[in-house]
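The values are calculated or read from the model by the stated rules, or taken from the named source; none is laboratory data. Computed from a predicted model, the values in this text were never measured in an experiment. Positions of Cβ are backbone-derived with ideal geometry, glycine not excepted, and every protein chain shown enters the neighbour counts. Only protein heavy atoms, including side chains, enter the accessible area calculation; ligands, DNA and RNA are left aside. Shrake-Rupley method; radii C 1.70, N 1.55, O 1.52, S 1.80 Å.
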Number of protein chains: 4
Amino acid sequence: VIDLATLEDRAAETLHPHALDYYRGGSGDESALADNVAAWTALRLRPHVLRDVSSVSTATTVLATPVRAPVLVAPTAYHLLAHPDGESGTARGAAEAGSVMVLSTFTTQPVEDVARAGDGAPLWFQLYVNKDRGWTAELVARVRAAGCTALVLTVDLPVLGLRLRDERNGFALPPGLARVHVPPASAYDDDLGASPGSALRAHVNRDVDASMTEDVIGWLADVGGLPVVVKGVLRGDDAVRCVEAGAAALVVSNHGGRQLDGAVATARALPEVVDAVDGRVEVYVDGGVRGGSDVVRALALGARAVLVGRPVVYGLAAGGWAGVRDVLDAYAEDTARALALCGAASVDDVTADLLAREP
Amino acid sequence: VIDLATLEDRAAETLHPHALDYYRGGSGDESALADNVAAWTALRLRPHVLRDVSSVSTATTVLATPVRAPVLVAPTAYHLLAHPDGESGTARGAAEAGSVMVLSTFTTQPVEDVARAGDGAPLWFQLYVNKDRGWTAELVARVRAAGCTALVLTVDLPVLGLRLRDERNGFALPPGLARVHVPPASAYDDDLGASPGSALRAHVNRDVDASMTEDVIGWLADVGGLPVVVKGVLRGDDAVRCVEAGAAALVVSNHGGRQLDGAVATARALPEVVDAVDGRVEVYVDGGVRGGSDVVRALALGARAVLVGRPVVYGLAAGGWAGVRDVLDAYAEDTARALALCGAASVDDVTADLLAREP
Amino acid sequence: VIDLATLEDRAAETLHPHALDYYRGGSGDESALADNVAAWTALRLRPHVLRDVSSVSTATTVLATPVRAPVLVAPTAYHLLAHPDGESGTARGAAEAGSVMVLSTFTTQPVEDVARAGDGAPLWFQLYVNKDRGWTAELVARVRAAGCTALVLTVDLPVLGLRLRDERNGFALPPGLARVHVPPASAYDDDLGASPGSALRAHVNRDVDASMTEDVIGWLADVGGLPVVVKGVLRGDDAVRCVEAGAAALVVSNHGGRQLDGAVATARALPEVVDAVDGRVEVYVDGGVRGGSDVVRALALGARAVLVGRPVVYGLAAGGWAGVRDVLDAYAEDTARALALCGAASVDDVTADLLAREP
Amino acid sequence: VIDLATLEDRAAETLHPHALDYYRGGSGDESALADNVAAWTALRLRPHVLRDVSSVSTATTVLATPVRAPVLVAPTAYHLLAHPDGESGTARGAAEAGSVMVLSTFTTQPVEDVARAGDGAPLWFQLYVNKDRGWTAELVARVRAAGCTALVLTVDLPVLGLRLRDERNGFALPPGLARVHVPPASAYDDDLGASPGSALRAHVNRDVDASMTEDVIGWLADVGGLPVVVKGVLRGDDAVRCVEAGAAALVVSNHGGRQLDGAVATARALPEVVDAVDGRVEVYVDGGVRGGSDVVRALALGARAVLVGRPVVYGLAAGGWAGVRDVLDAYAEDTARALALCGAASVDDVTADLLAREP
């Protein structure tokens, strides 16, 4: 049993303090970061007993892709900063755990290498749309050619949130690491300590297309020929707009509390998105999911699956590709345990009334 | 006056750190453990004054068995780990305090010895149903022959909750101690430190029948010829299922916050169970009951009695059989005090409106 | 300006640790003690502006007795334990501040001496009704002869609350101090350290009449010929019973969080009592009133006045009779300030809508 | 990027401890101070995504005066205590940031000098109405002649709140500093340590007109010939009174938690004031606004702009006039960021439904 509760502590022993701050921090007062966790905890579970749970399955599908458990790998940046195995290690770990990895645009290893490490396991690609649409289309073609089967379009980052830890640290990639899938001029341009504040913020605000509207979804589906998952939706009306514009699925997310300071917790936003979508597309959720009971809570609120980011990075930092596998296995195992203790033999047995009304 | 508030501190002086962790810990983030206590505290009391409370009686009955106070001994495991008096000491202490002891399947002393120590006092037997139903039936026959007058069927443990303290400690019984009422192969098989993680978890997940449904209640009543109290119910619909399947009483319990991570506090679940049962059977409650005012709160919500687990173990650890008696006497005395200060001369005078509406 | 916020700190420098624990402590988990303060704080004020508050009066009357401010001295025990000035010092301080002192049955100086120190200032007497009604009647006659003009009947102490600090300390009066108005056998019988636990608890449980009902109010009015203020009411139905039995006024009180463990905060109970009484008698309140804004909150909820206990004792400990005067002056001054800042030129200008609805 | 979160820490390095306490402290239990911040944080944001925010403008107007962002400089006293640049520094910083400075009556530099430092930037004057109306009229004429274009009438200070830090410190202006716009007798009369308690409190309570009602608004508009902004309103009914008496705008304020102990948080009071005013005048708000997300929250609740006090003083302390500019620029930049991340290209795009309903 991997101990998710002490995972951050173990990762902290190996990560550079600036890298640790980069991964664990949030924006502004970090209330969204804390509230993400607290909102799941506040949802208390009303388990069923005396149901046959001698055989519990956590298996499900996401966009028709089978996964061993409804726990996917959220896109996170710079895996070589966490461990020499890099994104390839994460891909291998995810593959061995029967999960889906979402590879970040800010990968430090080429998508082809990462796909090869996954050895045929499902790989999705998270996309920041660059102001240069031509360049973006080329990137999309490349990741498709590499074997990615879905695009995860991040929509909550027209500008970078103010992450004070990074600003104070002057956070930047160390020499030798690069964002390998951004235009060349951006790849190596934030040498550690070169300028005050966060180099990432300067980079994002220069390159990311802040003008895009829901029309980008159709454009991306057309140029990419892949299903487009829209990540970063926190409202029912926005969810409807995305679905009508062609989204294949949605991720209710506040970017792990790293973007809008004061954003609503995802556990609070999820029900209205599920309600608005009304079953037309799958809805996933991320942010503060720290164990199997949180997975069950998310399912009870109508999510199809969750994504986990920081714990996967911590697993990578602590143990390379095997650490990633162990973390994902621990989530699956803890989800099975929570299902069993809720009297649910499968994810289909999870119903909304497993959650108590709040006092 | 025994000081329940410092009882854990006193026990901590005598218990092995791993044993202390085993008793005091909960599962997952331990929010259910904390919430159990907080939920009682949040229920504020509206006492009556100027009523004749010159003579206060805490006496009541459970399953027609008279008890000095509505405070029973919850089943807890491994009493020899706490004190050389073991379960026999607990039985003697409970007998002297006029309470009912519920003996755990995971007793470290034979039921016959424990019953003898109780010297005719009421003894109930907590049952984990083993995958081997024949073996289970034999155990039930044995405990009945030993004088147990009710079976307390635990239904919230199809698998073991993830108790991180025990996992970290590699918790297991020390050499010389055994679960004397489990199949021989399981009795001595978790030598301290033999394997990583909790030996108890491995054991439970191998032996306990996770397939049982409410049908087990009738089967057990038939083979045992004893009333079956179902322990671990947190929902009204489950309560109705149990009653219709033949339960003689219910215990609203989340296993002391040790099973489902995030389970609703028992004080929150109690009202819906009482409401659903509608007087057909007695309803008890456990979890976080830390004094007489909590007992009165439970009665005001419709419970017939409470069970206390950890405090009894701490009393045993601190003072052997006499410590158990002192703890139960302290609960009875504090219940009498709370009744008097609520203007109630007996448990029948406790009404729902003693509780304030929450703001 | 006396600094009420640091008053306890200053008193702590002079009081014996056991005495300090006796004064500052509460019963059980001390949640009622903490909740009393928190409940006032939670009531946020919606002040009026642009009203003429160039002249603010805090003057009012209680039972037709004029007081400089709606802040009375709550009955508290053993003033010689706090300072050599004893209850006489408190009486003098209260007199100089234009307040009313309520003298405790557990005074350490004779009522006649205390009345003399007050020099004609209004003095009320708090009464615990002894099992010996004849003795009680004699005491009432004596305090009336000494000049007391009202009886404050405490009804929330049929038995003593479990005050764990005192139990742990074996709290008792030191040699030389006595409860001078209890039957002789009780006066000197709790030598420090003579027995485990609280001597006060043993004493109270032996002597106080736990059988009394609302009939005692009429009896007391008859034998005493004085208005009877009933202290310790927390419910509307009890309030009505008391009024119909002849109470001249009520004090909403949970005995400073020292009696029923888990009792509702007085700020929460006050509205229902005010509502039930419907103007027939005056309603006072005590518990956690720590400044002028709390006084205004109490008035806004319908109280006629508040009583303060611990701060007066701390003032006595820190500065003798002058310390008591300073504390009461500080309350009056802070009440004037709060009134002015609420746009109220007098207590009559305080309306219920000064309080915000809670979110 | 200036780091608003650590601004107070940096200011603390340069300010005299008494000055720091004066600026950071609140009245009474400081619950209003803490609640101001907490109330904004509790309002969680529901951002829109996929809107064109490639060009975000924070520009707006206040009383038809264009400002670069809806963030004004709240009136605060004694800027020479914070930095040798004094109020002139603040004026220059505000001017460079495109904001409006509200100069306090308790300025330590003459209004003419301050206006000159602002070099034509909009300057408003905060007014305490002195008991001497003739003197007040002269002051108003003077500030108008100096170029002030609005009067900000403070109405929540008929008497000074009890600021315990200042009382304990015996806070007073050091030799050489004076309130240059109060009657001569008051300017220099609080030498440090000359008397116990706060010299400011003595001064205010002697000079400020506590008798004024809403009639003062019309009088002030007449004698001043300037729009009158009423600052310190926390209720809808008072807001209506002020509007009907001629107020040009209102500031929902509890004086930064420095006046009425226990006053409602401004974020809680704002909606009822906005509702009552119903668009007839502009409504501003101050208190606990600590970043761009708070600005957006205020706009979503119907405020036209916010005022910030302490952060500006801290910026002045840490960096003189440039520090003020940096702080205001940081607010503007963070507001732009929050707007972008909410999918709002301008302040007009902020709607009430950006705020989540509280659970």
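Among the residues making up the stretch D:333-347, those that are open to solvent by 20 Å² or more (accessible area, probe 1.4 Å) and assigned to a helix (DSSP H, G or I) are D:GLU333, D:ASP334, D:ALA336, D:ARG337, D:VAL347. Counting only residues that are in a loop (DSSP other than H, G, I, E, B) and either free of Cβ contacts under 8 Å to residues at least 12 places away in the same chain or at negative phi (or both), the stretch B:101-123 holds 9 of them. Going by what's in this entry, would C:PRO158 be described as closer than 28 Å to C:ALA263 by Cα and within 14 Å of chain B (Cβ to nearest Cβ)? Spelling it out, C:PRO158 is indeed closer than 28 Å to C:ALA263 by Cα and within 14 Å of chain B (Cβ to nearest Cβ). Considering only residues that are closer than 20 Å to B:ALA336 by Cα and surrounded by fewer than 19 Cβ atoms within 10 Å (Cβ to Cβ), look in the stretch C:209-238 and name the one that is farthest from the other protein chains (Cβ to nearest Cβ). The selected residue is C:ASP209.
Residues that are more than 11 Å from chain D (Cβ to nearest Cβ) and in contact with a strand residue (DSSP E or B) (Cβ under 9 Å, 6 or more places away or on another chain) within the stretch C:336-359 comprise C:SER346, C:VAL347, C:ASP348, listed in sequence order. Could you grab me the full set of residues in the stretch C:91-134 that are hydrophobic (A, V, I, L, M, F, W, C) and in contact with a Pro (Cβ under 6 Å, 6 or more places away or on another chain)? The answer is C:VAL100, C:VAL102. Taken as a whole, the condition of being among the acidic types (Asp, Glu), buried (at least 19 other Cβ atoms within 10 Å of the Cβ) and away from chain C (no Cβ under 14 Å) applies to B:GLU87. Residues in the stretch D:244-281 that are closer than 19 Å to D:THR61 by Cα, within 15 Å of the chain's Cα centre (by Cα) and touching a residue at least 40 places away in the same chain (Cβ under 8 Å): D:ALA249, D:VAL251, D:VAL252. Scanning the stretch D:269-296 for residues that are within 12 Å of another protein chain (Cβ to nearest Cβ) and among the charged types (D, E, K, R) yields D:GLU272, D:ARG290, D:ASP294. For the stretch A:75-83, the count of residues that are over 18 Å from A:GLY319 (Cα atoms) and either at pLDDT below 95 or in contact with a Ser or Thr (Cβ under 8 Å, 6 or more places away or on another chain) (or both) is nonzero. In the set D:ALA64, D:ALA141, D:ALA95, only one residue is surrounded by fewer than 24 Cβ atoms within 10 Å (Cβ to Cβ) and without any contact (Cβ under 8 Å) to a residue 24 or more places away in the chain; that residue is D:ALA64. Of the helices (runs of 4 or more DSSP H) lying entirely inside the stretch D:207-289, the ones with 3 or more residues being closer than 30 Å to D:LEU43 by Cα and touching a strand residue (DSSP E or B) at 6+ places or on another chain (Cβ under 9 Å) are found at D:236-244, D:266-277. Of the residues screened, C:SER253 is one that is within 21 Å of C:ALA77 (Cα to Cα) and of a type in the set (Ser, Thr, Tyr). Does C:GLY98 meet the test of being in contact with a helix residue (DSSP H, G or I) (Cβ under 6 Å, 6 or more places away or on another chain), modelled with pLDDT of 95 or more and of a type in the set (Gly, Ala, Ser)? The answer is no for C:GLY98.
Scanning the stretch D:1-57 for residues that are without any contact (Cβ under 8 Å) to a residue 24 or more places away in the chain, surrounded by 18 or more Cβ atoms within 10 Å (Cβ to Cβ) and within 14 Å of chain A (Cβ to nearest Cβ) gives a single hit, D:THR41.
All but one of (1) farther than 25 Å from D:TYR23 by Cβ; (2) at pLDDT 95 or above hold for D:ARG133; state the number of the condition that does not hold. With (1) farther than 25 Å from D:TYR23 by Cβ; (2) at pLDDT 95 or above applied to D:ARG133, the lone miss is (2). Per this entry, D:LEU299 is counted among residues that are away from every other protein chain (no Cβ under 12 Å), surrounded by 24 or more Cβ atoms within 10 Å (Cβ to Cβ) and part of a helix (DSSP H, G or I).
Of all residues in the stretch A:239-255, those satisfying the criterion of being open to solvent by less than 10 Å² (accessible area, probe 1.4 Å) and over 15 Å from A:ALA221 (Cα atoms) are A:ALA239, A:VAL251, A:VAL252, A:SER253, A:ASN254.
Within the stretch C:154-183, residues that are closer than 27 Å to C:VAL229 by Cβ and open to solvent by 10 Å² or more (accessible area, probe 1.4 Å) sit with their Cβ atoms under 7 Å from residues that are in a loop (DSSP other than H, G, I, E, B) and of a type in the set (Asp, Glu), at 6+ positions apart or across chains, in these pairs: C:LEU162/C:ASP261; C:PRO183/C:ASP132.
Residues that are within 12 Å of chain A (Cβ to nearest Cβ) and touching a residue at least 60 places away in the same chain (Cβ under 8 Å) are absent from the stretch D:312-324.
Taking the listed residues D:ARG310, D:ARG258, the one that is buried (at least 24 other Cβ atoms within 10 Å of the Cβ) and not polar (S, T, N, Q) is D:ARG258, with no other qualifying. Looking at C:THR76, C:THR65, C:THR60, which one is away from every other protein chain (no Cβ under 14 Å), within 24 Å of D:LEU260 (Cα to Cα) and among the β-branched types (Val, Ile, Thr)? From the options C:THR76, C:THR65, C:THR60, the qualifying one is C:THR60.
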